[in-house]
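Trainee: Following this message is one structure expressed as structure tokens.
The values are calculated or read from the model by the stated rules, or taken from the named source; none is laboratory data. Owing to the predicted nature of the structure, the values given are computational and were not obtained by experimental measurement. Neighbour counts run over all protein chains shown; Cβ positions are idealised from the backbone, glycine included. With ligands, DNA and RNA removed, areas are computed over all heavy atoms of the protein, side chains included. Shrake-Rupley method; radii C 1.70, N 1.55, O 1.52, S 1.80 Å.
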Protein chains: 6
Amino acid sequence: MPENTFQRPSGRAPDQLRNISLEPGFTRHAEGSVLIRAGDTHVLCNASVLEKVPPFLKGKGQGWVTAEYGMLPRSTHTRSDREAAKGKQSGRTQEIQRLIGRSLRAVFDLSLLGERTLHIDCDVLQADGGTRCASITGAWLASAIAVQRLMREGILQQDPIIGSVAAVSTGLVDGRAVLDLDYQEDSSCDADMNIVMTGEGGFVEVQGTAEGRAFDRQALDSLMDLARQGIASLTRLQLEALGKASGR
Amino acid sequence: MPENTFQRPSGRAPDQLRNISLEPGFTRHAEGSVLIRAGDTHVLCNASVLEKVPPFLKGKGQGWVTAEYGMLPRSTHTRSDREAAKGKQSGRTQEIQRLIGRSLRAVFDLSLLGERTLHIDCDVLQADGGTRCASITGAWLASAIAVQRLMREGILQQDPIIGSVAAVSTGLVDGRAVLDLDYQEDSSCDADMNIVMTGEGGFVEVQGTAEGRAFDRQALDSLMDLARQGIASLTRLQLEALGKASGR
Amino acid sequence: MPENTFQRPSGRAPDQLRNISLEPGFTRHAEGSVLIRAGDTHVLCNASVLEKVPPFLKGKGQGWVTAEYGMLPRSTHTRSDREAAKGKQSGRTQEIQRLIGRSLRAVFDLSLLGERTLHIDCDVLQADGGTRCASITGAWLASAIAVQRLMREGILQQDPIIGSVAAVSTGLVDGRAVLDLDYQEDSSCDADMNIVMTGEGGFVEVQGTAEGRAFDRQALDSLMDLARQGIASLTRLQLEALGKASGR
Amino acid sequence: MPENTFQRPSGRAPDQLRNISLEPGFTRHAEGSVLIRAGDTHVLCNASVLEKVPPFLKGKGQGWVTAEYGMLPRSTHTRSDREAAKGKQSGRTQEIQRLIGRSLRAVFDLSLLGERTLHIDCDVLQADGGTRCASITGAWLASAIAVQRLMREGILQQDPIIGSVAAVSTGLVDGRAVLDLDYQEDSSCDADMNIVMTGEGGFVEVQGTAEGRAFDRQALDSLMDLARQGIASLTRLQLEALGKASGR
Amino acid sequence: MPENTFQRPSGRAPDQLRNISLEPGFTRHAEGSVLIRAGDTHVLCNASVLEKVPPFLKGKGQGWVTAEYGMLPRSTHTRSDREAAKGKQSGRTQEIQRLIGRSLRAVFDLSLLGERTLHIDCDVLQADGGTRCASITGAWLASAIAVQRLMREGILQQDPIIGSVAAVSTGLVDGRAVLDLDYQEDSSCDADMNIVMTGEGGFVEVQGTAEGRAFDRQALDSLMDLARQGIASLTRLQLEALGKASGR
Amino acid sequence: MPENTFQRPSGRAPDQLRNISLEPGFTRHAEGSVLIRAGDTHVLCNASVLEKVPPFLKGKGQGWVTAEYGMLPRSTHTRSDREAAKGKQSGRTQEIQRLIGRSLRAVFDLSLLGERTLHIDCDVLQADGGTRCASITGAWLASAIAVQRLMREGILQQDPIIGSVAAVSTGLVDGRAVLDLDYQEDSSCDADMNIVMTGEGGFVEVQGTAEGRAFDRQALDSLMDLARQGIASLTRLQLEALGKASGR
């Protein structure tokens, strides 16, 4: 496809993120609450501080960070069944919440958290592709806000967060690498990749899937390059929002 | 207690509702979407039109209206377990969603709906008491917006909605009848009552519970009087919001 | 409808209860066992004394009263699926057992019960309408018999029961208020109300539902009046049966 | 142990059944309803005629006979958890209901039943040992009553029941073979055996278990002899009760 | 049927077992691991030593022996649903694993095991009839190997196993008693019996079921005779294999 | 770490696979059955041909390929709970079986399969790291054997398999990239990556996770290089085994 005729459905440039907004304090009870909007994908990330740890950590003097994920039944184009009514979480839901938890733990020094759990709930209010990436990016901010509060209140003396983490998708659409796919692109791409990176540019998770046919090393490399760029922008937005939330 | 020393925690008068706001179009996929805020209680009500009916209605030429209810885990002061993760809905959840469904059906002529289901999801984003009442009030508006759309699109010729319905709580706090309890009042009241009424003032559901000790007929009567007053205000707000949503 | 042509299917007067029988000792293992028959509705109420309390009460020096409810699969006109086989209790079942528990706790001073639980099982052997009301009326008697036994055995020094409680349904059939609906009336009424009252005439629970169309305040008042009358009779029968059971 | 000092807790002779009573019509909705009492073991057996068959039999022109079994939570000496509340049936429950179903099918010509199911619910109201045997004996009578009704109503032309079936337990108590163990004997026996036989004396099921130590062939033989005797008595009682129920 | 024309599908003599092989050490992690092959029925029996007991035995100074059973989805002629995916074990599975556990406990002195559990997993890799019997026979050997290891390591001073146990099926095929039925015979037999016996010839469990029509005492006796013979052979093979496994 | 002192626990070179064996026909009922051994990791892969498709594909004239995964409870160093007994599959299990299914579908032309499902069961008999990769490699072979059989039997005219697929893990151990981690390496590595590739060298899935700290692009590249090499060897072994299985 000639370069100059390539057109994303949204009109975005191949390396352009959707409009991202990070709104701290969307709800009032959680120790850290953030509504992240990536275009039409809206995820509410609530970080709760629980004064307990899972059984396998009891008495070990360290903390835990974990996440749960859910989609409101009509966050999607057509209504999905409510998982609570079906009586179980889908494989996809479990896969995503395990990914969010691992991604956050990669930037936590759990020994500095004390015997408590930071439990982040990521609930998708509206979905338009990329909900797992938005969840990770928002969850980190919600966690950081909750941790700041613990430090302000003197509950923690030392910051257990050793860096930032964010996530973005990239994909091959009509043979072309693009950043931050929306639902329409996600449904028709040849391959998509979710990449979780620290603010310093290290890989935390790389998950790529060929949807149509297998892709080659060069395609992989171009997807990686786009991701690094997107993560850099997201990191900037996270730190700005955290600064504002903490009155700096 | 002398009349003049009575003081609600919120400073409201005994017959004063919380600030109510009804925001249509909060999400974009649902045929009808409303965020209702009653003070710090925020419930997202999404009405979905499904082209199917439950098995017991198949082939009967009529429709169905039903509801599901959920609370986000950190909508509450302390985090509650996620029902999808526990693998079942609590008795309280089921009780509330059955109530919402019955309340809506009371103002629907199901034979005019055709063989389709109006499925309303009420999800509590933030809770401060009175979530089931807010759900009913918001769900009616979301349903009405969805029905207007069906009529506008020519899918329905005749309006299956035969009236409005709204709900409000009343309760006895320190022996005094008050309207629209928030969480703090709800936790300490002697009795509370959830009343569902049509816009024309007919009772649809009356659910009163003595929390501390049994209450007498006179108390019941004063709770009923307050409710009628509250429902009248809510009905006005519903109709205003519906007018705006439909561009009238 | 002219007064003189009104006819209940059972031939009862509008304010007439069904034949009520309370048979203590129907089974031998429970600390309190009562078979209540209200016409063709037969509910076995077994009160068990358990030397433990639920987790949220551990170490608080008080007791708990709770109830479970079930219907035998063929207690009904057509067979219903067995809840144990389906793997969950229906919303209706949970709603009813929560109601029974709340109703009993309204007449218990739990601090006088010690750290033990009074667990009442209400199992419907045969159903003909009004099973939740019969369950409450029978459950109170079973509880009272169990408590008498604890006092007789010196396990309790002071009676934790501070009054009696009973329940009855009322409803609007063809625009006319009637007491204690059987299945046939229940299936065709315009509104029905389950009212739980103490023996002294205080309201514990009021649950009214419009089945067809909303009802007005006057109808509500007449349903309340009938209920008070029915509860008075049920209270008399409960106390008589308790007297006999305790050999007084 | 010298023969003459052997004493069963109940005072019964080694080959003596408990008092057996078979009460047809205990509930009114089931097509066949029997309360069987074997001493203090009371089981309500309700046979329902369902105009459907399980999926694996659809369109095969034959019927099905199946059973479900349950114990009321306080049918036992101490309260057991309700299976519907736990969300699953125990292995014991499933084992017993499979046994009841197989036992009944052994005396049914399913091709004569048409495409319908005879579903028998055996619910233990009070337990004192031997509930599975009582269930089988009672279930056969309930089934036979239901079948008679189908024939009387002309729904069946030919009797699908080709014989009677009953069950009894035998066991080794202090080295001595005894018939029809109650709970006290069952808890302390060396071996127990549940034997299901047709009225004509053929074996349908034989289930023997060594509780303490393995038993020898001679013991097995004496248990079999006792069972045959017990089954003969039970068969007589079944046929008598069936005759009365059918007005013969 | 004339004696001389009787022919088993496998060509075996009526009293002939299938080829039995017992392969210790089939997997490496379990304290005792045995692959038992009875013809085309292959069951992997893994005995695990767990340093805990079930709640009802805590603090009683004795151990426990229990078993679980499963079939790989395609161990059978046509694929069966995976129980883990269905979310529950079938009644058949539970019945079998309860049987295996009881059979093993019959030859264990649990007080000599200490507060630990011997947990045996019997997983059918390939099924051709008789899986429960093969499981018991293999599970005993796996248990014995695990116990030998505990003794060798000095964890146990005294052998808690007081004898061997094995199981075999017998059945009536075309009126003729045969030993050790394979799937084809099992599917078409008139009656089948699973018999669990100690190496010394005592009965532990006897489970006989008439598939077609009831069988008489003489048939029962001939099935018992065949079983005794089969158990004797199995016991010999078990002891040989144990001897080899322990280097004797 | 100096190059020359680097030592893998197994003594393998950094780019050396474990001993791989592929044993077709390990069980007899499945249309394709393969036991794959990668060192001490042993997975039984059974491919079943089912003459049905999932509901979302009914009537679309195409087939489906799906997989299920399970670990025998004592395939691991310490016993894990049986998922069938717990009543649900873990998130990890679901994640893995979704991965296996996706990987296989990447090399299938489902329109050539007809309305049937190829259902592959991957059951881990013994685990020593890398079970998901072994499952994919073995599942492809089992599928190919099953498809060959369908073609030999004339059920399929055209081969729906458009290429081979295999999987291997790579990881960073002490800063050094190694191929095909065993359990010991897997437990202590800094990062591990599971890579699924076609026989022609295209990427199907790439899943990398930083266990300790984030890794950089160079490390990623070296993991990719190793993987390509490992996949090439596995592909050769798959094709050899397939040739033998089909008698070529």
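Trainee: Other chains near C:95-101: what is the mean number of their Cβ atoms within 10 Å of each residue's Cβ?
Mentor: Counting other chains' Cβ atoms within 10 Å and averaging over C:95-101 gives 3.
Trainee: Could you state the angle between the C-alpha long axis of helix D:91-105 and the longest principal axis of the C-alpha atoms of chain D, as a value from 0 to 90 degrees rounded to the nearest 10?
Mentor: Here the helix axis deviates by roughly 60 degrees.
Trainee: If you line up the long axis of helix D:217-245 against the longest principal axis of chain D, both from Cα atoms, how many degrees apart are they, to the nearest 10?
Mentor: Here the helix axis deviates by roughly 40 degrees.
Trainee: Select the chain B residue whose beta carbon lies nearest to the rotation axis carrying chain B onto chain D, and write the distance in whole Å.
Mentor: Residue with the nearest Cβ, plus whole-Å distance, for chain B: B:GLY87, 5.
Trainee: Distances in nm, one decimal, shortest first, from B:LEU112 to the same residue in every other copy, taking the label point 7 angstrom along Cα→Cβ.
Mentor: List, nearest first: 5.7, 5.8, 5.8, 6.4, 8.3 nm.
Trainee: What are the ³J(HN,Hα) couplings of the range B:114-119, residue after residue, when phi is run through the Karplus curve with 6.51, -1.76, 1.60 and θ = phi - 60°? Round to Hz, x for glycine and proline.
Mentor: x, 7, 9, 10, 9, 10
Trainee: With Cβ to Cβ distances under 10 Å as the rule, what net charge do the other residues near F:ALA67 carry (K, R +1; D, E -1)?
Mentor: With Lys, Arg at +1 and Asp, Glu at -1, the neighbours total +1.
Trainee: Follow-up question, since we're still on this one. How many percent of DSSP beta bridges within the protein assembly as shown run antiparallel, rounded to 5?
Mentor: In the protein assembly as shown, approximately 85 percent of DSSP beta bridges are antiparallel ones.
Trainee: Averaged across the residues of F:62-74, what count of C-beta atoms belonging to other chains lies within 10 Å of each residue's C-beta?
Mentor: 4
Trainee: While we're looking at this one, here's another question. Taking a label point 7 Å out from Cα toward Cβ, give me the nm distances from A:ASP174 to the same spot in the other copies, shortest first, one decimal.
Mentor: Those separations, rounded to one decimal, come out as 5.2, 7.0, 7.3, 7.3, 9.4 nm.
Trainee: Moving on to the next point. Considering only protein heavy atoms and a probe of 1.4 Å, how much of the accessible area of chain B is carbon and sulfur, as a whole percent?
Mentor: 46 percent
Trainee: Give the distance, in whole Å, between the Cα centre of the range F:142-187 and the Cα centre of the range A:148-192.
Mentor: Cα centroid to Cα centroid, the span is 31 Å.
Trainee: Moving on to the next point. Could you work out the pair-distance distribution P(r) of the range D:77-203 from its alpha-carbon pairs, with 5 angstrom bin width and percents rounded to whole numbers?
Mentor: Pairs per bin, as whole percents: 2, 9, 17, 19, 17, 15, 10, 7, 3, 1, 0.
Trainee: Residue by residue, what Karplus-based ³J(HN,Hα) values in Hz, rounded to whole numbers, does the range D:173-186 have, using 6.51, -1.76 and 1.60 with θ = phi - 60° and x for Gly and Pro?
Mentor: 10, 6, x, 10, 6, 10, 9, 6, 5, 8, 4, 5, 5, 4
Trainee: Using a label point 7 Å beyond Cα on the Cα-Cβ vector, give me the inter-copy distances for F:SER246 in nanometres, one decimal, shortest first.
Mentor: 5.2, 6.2, 6.6, 6.6, 8.7
Trainee: Something else: I'd like the per residue volume of the convex hull spanned by the Cα atoms of the range D:1-108, given in cubic angstrom.
Mentor: 184 Å³
Trainee: Additional query: Using the Cα atoms of chain A, I'd like the radius of gyration and the largest Cα-Cα distance, Dmax, both in angstrom.
Mentor: 18.3, 62
Trainee: If you don't mind, another one. Name the aspartates and glutamates eligible as straight-distance cross-link partners of C:LYS60: C-alpha to C-alpha under 13 Å, and not fewer than 8 places from it in the same chain.
Mentor: Straight-line reach from C:LYS60, under 13 Å: C:GLU115.
Trainee: Could you order B:ARG92, F:ARG74 so the one with the most accessible surface comes first? Probe is 1.4 Å.
Mentor: Per-residue accessible area, sorted high to low, gives B:ARG92, F:ARG74.
Trainee: What list of ³J(HN,Hα) values in whole Hz, one per residue of the range D:127-138 in order, does the Karplus curve 6.51 cos²θ - 1.76 cosθ + 1.60 (θ = phi - 60°) give from phi, with Gly and Pro shown as x?
Mentor: Whole-Hz 3J(HN,Hα) from phi for the range D:127-138: 10, 8, x, x, 5, 5, 5, 4, 4, 5, 4, x.
Trainee: Now for a separate question. Tell me the Rg and the Dmax, in Å, that the Cα atoms of the protein assembly as shown produce.
Mentor: Just the Cα atoms of the protein assembly as shown yield Rg and Dmax of 35.1, 109 Å.
Trainee: Separate question: What is the set of long-range amide H partners of B:ASP128 at a cut-off below 5 Å, with H atoms built 1.01 Å from backbone N?
Mentor: Excluding prolines and chain starts, which carry no amide H, the hits are B:THR41, B:HIS42.
Trainee: Filter the cross-link list A:LYS58/D:LYS88; B:LYS88/C:LYS88; A:LYS88/D:LYS88; E:LYS88/F:LYS86 down to pairs whose alpha-carbon distance in this structure exceeds 19 Å.
Mentor: Distance filter (> 19 Å) returns A:LYS58/D:LYS88.
Trainee: On to the next question. Ratio of the range A:140-248's C-alpha Rg to 2.2 N^0.38 Å, to two decimals?
Mentor: It is 1.30.
Trainee: Shifting gears a bit: Give the whole-number value, in cubic angstrom per residue, of the convex hull volume spanned by the C-alpha atoms of the range C:105-162.
Mentor: Spread over its residues, the Cα hull of the range C:105-162 gives 79 Å³ apiece.
Trainee: How big is the gap, in Å, between the Cα center of the range B:222-244 and the Cα center of the range C:211-232?
Mentor: If you average the Cα positions of each part, the centres end up 24 Å apart.
Trainee: Here's a follow-up. Just checking the output field for A:194-207: average partner chain Cβ neighbours within 10 Å of each residue's Cβ?
Mentor: Mean shielding by partner chains, rounded to a whole number: 5.
Trainee: A further question follows. Amide H to amide H, which residues 5 or more places from A:LEU113 or on other chains are under 5 Å from it, using H placed in the peptide plane?
Mentor: Hits under the 5 Å cutoff: A:GLY63.
Trainee: Before we go on, tell me the buried accessible area for the D/E pair, both chains summed, 1.4 Å probe, in Å² to the nearest 100.
Mentor: Its buried surface, counting both partners, is about 2300 Å².
Trainee: Translational D (Stokes-Einstein, µm²/s) of the range A:58-149 at 37 °C and 0.692 mPa s when Rh comes from the Kirkwood sum over C-alpha pairs?
Mentor: Using the Kirkwood radius from Cα pairs, D works out to 231 µm²/s.
Trainee: Just report the Cα centroid separation between the range D:97-119 and the range A:52-116, whole Å.
Mentor: Each part's Cα centre sits 49 Å from the other's.
Trainee: Around A:VAL168, what is the net charge, scoring Lys/Arg as +1 and Asp/Glu as -1 over all other residues with Cβ under 14 Å from its Cβ?
Mentor: -3
Trainee: Right, next: At 1.4 Å probe radius, can you tell me the per residue accessible area of the protein assembly as shown in Å²?
Mentor: The answer is 39 Å² per residue.
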